Structure formats: structure tokens, C-alpha cells
Amino acid sequence: MIAIVRIKGQIGINKDVKETLHRMKIRRKYACTVIEPTKVDLGMIKKVRSFVSYGEISKETYEKLVKSRGKKDETGKLKPFFRLHPPRGGAKTKFHYPQGILGENKEMDKLIGRMI
């Protein structure tokens, strides 16, 4: 499973990137979605990698995310995104991994743990 967390806001982004973020259900800052990657999803991630942090997460982290931040909609189904807090201890949002948290992040479990 791949978790995708939006790090940057909406100001000054391209229209195509904004539409891609909307299709991925991460419309706000610090919104997270978890997907099983397909070829289409990987192309969408590649397009928005300067605005999000993404990487593999463990099953335990996913269960913790659903337990603490999961919400259900009117039909009783789990919503396809999670609203998270800003990371505790701060984060460098102007740089790509390993200097900052943007792009492919090898430590997504730690980042999500700081944001729950």
C-alpha cells in the first residue's frame, strides 16, 4: 500500500496538477489517501510529486490510521481520505527526501505517526 500526503497548499499551482490532486481525493493540506498502486495511479503520483509526500506503509500503520482518523460517510462506508495534523516537530517542506519530506519518502510510517 502507498500512502500519499499532501504537503503544499493550493496557491500558485498549475491547473492540471490541481485537477490531479482533486482526482486523488487530496484536496486540502495534510490530507492523506492510501491506495493499492496501478499504472495510472503511479503516473498521477509522478505528476504531483512536488506537492505531496508518498511511500510504502505497513499494515499496522494503516490500521492505526483508520482507527484514529477514519470517518464514515452517510452510507456507512469509510471515506477515501484522512485528515491529518501537521507533523509534530515540524518538517522541511521545500526540499525533496532525504533533506525534506517531499516526493518519495522512505520513512512514511514515521511521518504518518507524527501526524496522527
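Looking only at the range 43-67, residues that are part of a loop (DSSP other than H, G, I, E, B), surrounded by fewer than 20 Cβ atoms within 10 Å (Cβ to Cβ) and out of contact with any Asp or Glu (no Cβ under 9 Å at 6 or more places or on another chain) come to 1 in all.
Do we have any residue at all in the range 109-116 that's surrounded by 10 or more Cβ atoms within 10 Å (Cβ to Cβ), of a type in the set (G, A, S), farther than 22 Å from V17 by Cα and out of contact with any helix residue (DSSP H, G or I) (no Cβ under 8 Å at 6 or more places or on another chain)? First the steps, then the outcome.
Here is the first cut: in the range 109-116, the ones surrounded by 10 or more Cβ atoms within 10 Å (Cβ to Cβ) are 109-116.
Narrowing further to those that are of a type in the set (G, A, S): 113.
Filter once more, keeping what is farther than 22 Å from V17 by Cα: 113.
Add one more test, that the residue is out of contact with any helix residue (DSSP H, G or I) (no Cβ under 8 Å at 6 or more places or on another chain), and what stays is none.
Checked the range 109-116: no residue is surrounded by 10 or more Cβ atoms within 10 Å (Cβ to Cβ), of a type in the set (G, A, S), farther than 22 Å from V17 by Cα and out of contact with any helix residue (DSSP H, G or I) (no Cβ under 8 Å at 6 or more places or on another chain).
For beta carbons closer than 9 Å, sequence separation of 6+ or different chains, a first residue in the range 45-56 that is among the polar types (S, T, N, Q) and a second that is part of a strand (DSSP E or B) and surrounded by fewer than 17 Cβ atoms within 10 Å (Cβ to Cβ), the qualifying pairs are S50/H96; S53/E104. Residues that are of a type in the set (A, V, I, L, M, F, W, C) and at pLDDT 90 or above were ranked within the range 79-100; the one that is surrounded by the most Cβ atoms within 10 Å (Cβ to Cβ) is F82.
Being modelled with pLDDT under 90 and among the acidic types (D, E) narrows it down to one of E63, E74, E56, so name that one.
E74
The values are calculated or read from the model by the stated rules, or taken from the named source; none is laboratory data. All figures in this text were calculated on a predicted structure; none of them were measured in a lab. Cβ sites come from the backbone with ideal geometry, for glycine too, and all protein chains shown count toward neighbours.
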